[in-house]
Amino acid sequence: MISSQVLQSTVDGLKSIARVEFCIMDVDGREVASTMDMKGSAKAAVEFAASPADSQEVQGYQFFKIFDEQLEYILVAWGTGEDVYTIGKMAAFQVQMLLTAYKERLDKDNFVKNLLLDNLLLVDIYSRSKKLHIQIDAPRAVLIVESAQGRDGNILELVRRHFGPGGRDFVTEVDENNVVAVKELAEGDTLKEMDKAARGLDAFLKKEGIQEIRIAYGTMVREIKEVSRSYKEAKMALDVGRIFFGSREIIAYSELGIGRLIYQLPLPLCRMFIREIFDGKSPDDFDEETLGTVHKFFENSLNVSETSRQLFIHRNTLVYRLDKLQKSTGLDLRVFEDAITFKIALMVAKYMKYMENTDF
């Protein structure tokens with residue numbers, strides 16, 4: 001249902017243009033939006049609602065009925081001059097079209113929500129797409145926006161404003177934390193266009209004062225029935241990015257790498273793997289100096305000389321640290337296979353810690 005704020009804004013705008021006073025009442029005579037005091041006309045509005053007439057003049061006021069499949073509102077217009085009836089008729093038509101547009105938007109929003117959540121049968125997807133004039137075979141990808149401000153930051157309306165009304169992109173929310181955008185791409189576009197769109201949205205929201213934004217997006221799909229898959233990918237990218245790419249504000253499903261596999265492992269299997277690698281120890285048992293050395297060594301592709309240079313230590317000092325780590329774990333990080341094992345173990349331990357500290 002259209003909000004009273006929208007209706008109030010509409011009658012205020014109509015008054016400023018036509019210099020005519022307006023009031024919108026429901027069928028029970030309650031005022032919904034108004035530019036004048038109409039408290040004494042509630043009875044007249046109820047009687048008019050029960051009459052067969054579509055318009056009527058009562059004590060100098062022009063009454064009009066506004067329908068949305070059934071009688072929804074009564075519009076009252078008042079002013080001087082012979083054009084009040086015509087202006088009132090035009091205003092009633094304007095509100096009628098506004099109701100139709102909002103109803104169509106609501107229908108599309110409901111359809112997109114159910115599409116994302118896999119709540120529709122295949123036959124319903126195609127039939128409702130046709131009814132709502134939504135192209136079924138356009139390339140699309142799903143983008144999720146997460147903000148620490150949640151609904152308090154009015155993220156939904158800001159994202160809708162960024163993508164623009166009346167376009168082929170759909171913006172909705174399926175929970176109170178995230179805003180979801182289904183973006184239509186042009187033929188020949190790649191995920192580079194999605195990255196560009198994500199960065200543009202990130203810049204726009206920051207300009208509007210929204211901070212601590214995280215954006216994730218899924219892969220491109222070709223048919224509308226596959227949109228839910230892109231949504232699930234974007235959602236996974238948001239979760240995996242939070243664990244393994246904490247410093248990144250924008251993350252794509254295609255960039256998750258091995259983190260995507262680890263995220264899908266059951267915790268008992270992870271615990272068993274950590275016990276086997278670290279012999280019952282935890283990566284948290286290593287001191288900060290050791291862990292810092294390991295991370296820098298990985299960043300430099302196992303290059304001893306470059307790692308020692310960036311750590312401002314002698315090459316022999318780095319070798320000593322690596323030897324010490326080998327003695328405690330049995331893994332020589334200068335050997336590629338051992339380095340991969342250790343890297344995966346660190347990621348698994350990080351995933352376990354995150355999952356154990358997360359409330360579900």
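The values are calculated or read from the model by the stated rules, or taken from the named source; none is laboratory data. Predicted model, so just to flag it, every value in this text is computed and none were measured. With ideal geometry, Cβ positions are generated from the backbone for all residues, glycine too; neighbour counts draw on all protein chains shown. Note: accessible area is taken over every heavy atom of the protein model, side chains too, but ligands, DNA and RNA are not part of it. Shrake-Rupley method; radii C 1.70, N 1.55, O 1.52, S 1.80 Å.
Matching residues to (1) farther than 20 Å from Met272 by Cα; (2) of a type in the set (D, E, K, R); (3) open to solvent by less than 30 Å² (accessible area, probe 1.4 Å):
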{"position": "Ile313", "(1), (2), (3)": "yes, no, no"}
{"position": "Leu322", "(1), (2), (3)": "yes, no, yes"}
{"position": "Phe336", "(1), (2), (3)": "yes, no, no"}
{"position": "Ala339", "(1), (2), (3)": "no, no, yes"}
{"position": "Tyr351", "(1), (2), (3)": "no, no, yes"}
{"position": "Tyr354", "(1), (2), (3)": "no, no, no"}
>> Tally up the residues in segment 212-233 that are over 21 Å from Ala186 (Cα atoms), open to solvent by 10 Å² or more (accessible area, probe 1.4 Å) and in contact (Cβ under 8 Å) with a residue 60 or more places away in the chain, please.
In response: 2
> Mind checking which residues of segment 113-131 are part of a helix (DSSP H, G or I), among the hydrophobic types (A, V, I, L, M, F, W, C) and surrounded by 14 or more Cβ atoms within 10 Å (Cβ to Cβ)?
Replying inline: Leu115, Leu116, Ile125
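Can you list the helices (runs of 4 or more DSSP H) found entirely within segment 243-337 that contain at least 2 residues being closer than 30 Å to Ala197 by Cβ? Give the steps one after another, and end with the answer.
Working: elements: 258-263, 267-278, 288-299, 304-311, 315-329.
It comes to 258-263.
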>> As an exercise: evaluate Ser254 against (1) without any contact (Cβ under 8 Å) to a residue 40 or more places away in the chain; (2) surrounded by fewer than 17 Cβ atoms within 10 Å (Cβ to Cβ) and give the number of the one condition it does not meet.
In response: (1)
> Regarding Lys103, is this residue of a type in the set (Lys, Arg), in contact with an Asp or Glu (Cβ under 8 Å, 6 or more places away or on another chain), surrounded by 13 or more Cβ atoms within 10 Å (Cβ to Cβ) and touching a residue at least 24 places away in the same chain (Cβ under 8 Å)?
Replying inline: yes
> For Gly164, all conditions in the list (1) under 21 Å from Val221 (Cα atoms); (2) open to solvent by less than 60 Å² (accessible area, probe 1.4 Å) hold save one; what is the number of the exception?
Replying inline: (1)
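Okay, residues lined up against (1) in contact (Cβ under 8 Å) with a residue 40 or more places away in the chain; (2) closer than 20 Å to Ile224 by Cα; (3) among the β-branched types (Val, Ile, Thr); (4) open to solvent by 40 Å² or more (accessible area, probe 1.4 Å):
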position: Val171; (1), (2), (3), (4): no, yes, yes, no
position: Val179; (1), (2), (3), (4): no, yes, yes, no
position: Ala186; (1), (2), (3), (4): yes, yes, no, yes
position: Glu193; (1), (2), (3), (4): no, yes, no, yes
position: Arg199; (1), (2), (3), (4): yes, no, no, yes
position: Ala203; (1), (2), (3), (4): no, no, no, yes
position: Ile210; (1), (2), (3), (4): yes, no, yes, no
> In segment 136-156, which residues are loosely packed, with under 13 Cβ neighbours inside 10 Å and at pLDDT 90 or above?
Replying inline: Ile136, Asp137
>> Any residue in segment 339-360 that is part of a helix (DSSP H, G or I) sitting within a Cβ distance under 8 Å of a residue that is of a type in the set (D, E, K, R) and open to solvent by 20 Å² or more (accessible area, probe 1.4 Å)? List the pairs, counting only those 6 or more apart or interchain.
In response: Ala349/Asp284; Met352/Arg271; Lys353/Asp284; Tyr354/Arg242
